[in-house]
Amino acid sequence: MSSDQHMRRDVLQALATLPLIALAMRPDEATAQAGGTPVKVDTRGLVAKIKFEAPIGGFLKEINGKYKLRVTELTLAPGGHVGEHNHVGPGIRQVTSGSMTYVLPKETIVYGPGEFFFETGDVNHTVFNKTDAPMVHVLFEILPVEHGGASLIPVQHH
């Protein structure tokens, strides 16, 4: 692994810990939500559970109170899929079990347990579980503080 790849891995791992740090420092502001607006993207076998969310606060005063960190656990059943979509905001995704087939406009990537990647939110993509076991992944997202419900949205054409 090159020096740049090590640095990228270290930065992504540090970003992935932000929600846990925020929870430890502001436990009274954490909430676990379920429900919200219905998903308007074709899905099969998807179960989403919001595990944590809290407003961002700290030294980045220009974003304090405008955005929140959210952690969502997604389980995709064997043979399940999430149709082409975008996300409201950017974030890190980490597969915790199973195998994710992640289809982008110009490439397809298969992620396994422990692997993670950054997603800007505005790149069209589709997700499949092409295995016979459930696939679980966790989304660490930055969203507008007033946003409720699912973060996945129908494809936005630019």
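Below are the figures for this structure:
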| item | result |
| --- | --- |
| Gained length - Val145 relative to Ala77, 0.36 nm times residue gap less alpha-carbon distance | 21.5 nm |
| Gained length - Gln156 relative to Arg44, 0.36 nm times residue gap less alpha-carbon distance | 38.2 nm |
| Under 21 Å, Cα to Cα: Lys pairs in the stretch 34-94, sequence gap 8 or more or different chains | 4 |
| Residue list for the stretch 44-85, given a label point 7 angstrom along the Cα-to-Cβ vector of Val123 and an amide N cut-off under 15 Å | 85 |
| Accessible surface, per residue, of the stretch 104-158 when the full set of protein chains is kept, probe 1.4 Å, Å² | 55 Å² |
| Additional length obtainable on full extension of the chain from Glu62 to Ile109, 0.36 nm per residue less Cα span | 13.4 nm |
| Convex hull of the stretch 40-158 built on C-alpha atoms - directionally averaged projected area, nm² | 7.7 nm² |
| The stretch 147-155 - phi-based ³J(HN,Hα) in whole Hz, Karplus 6.51/-1.76/1.60, Gly and Pro as x | 5, x, x, 5, 8, 7, 9, x, 3 |
| Listed residues His87, Met135, Val155: farthest to the positive end of the dipole of the stretch 86-155 (Cβ charges) | Met135 |
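The values are calculated or read from the model by the stated rules, or taken from the named source; none is laboratory data. On a predicted model such as this, the values are computed, not experimentally measured, just so you know. Cβ coordinates were reconstructed from backbone atoms using ideal geometry, including for glycine residues, and neighbour counts include every protein chain displayed. The accessibility values were calculated without ligands, DNA or RNA, using every heavy atom of the protein model including side chains. Shrake-Rupley method; radii C 1.70, N 1.55, O 1.52, S 1.80 Å.
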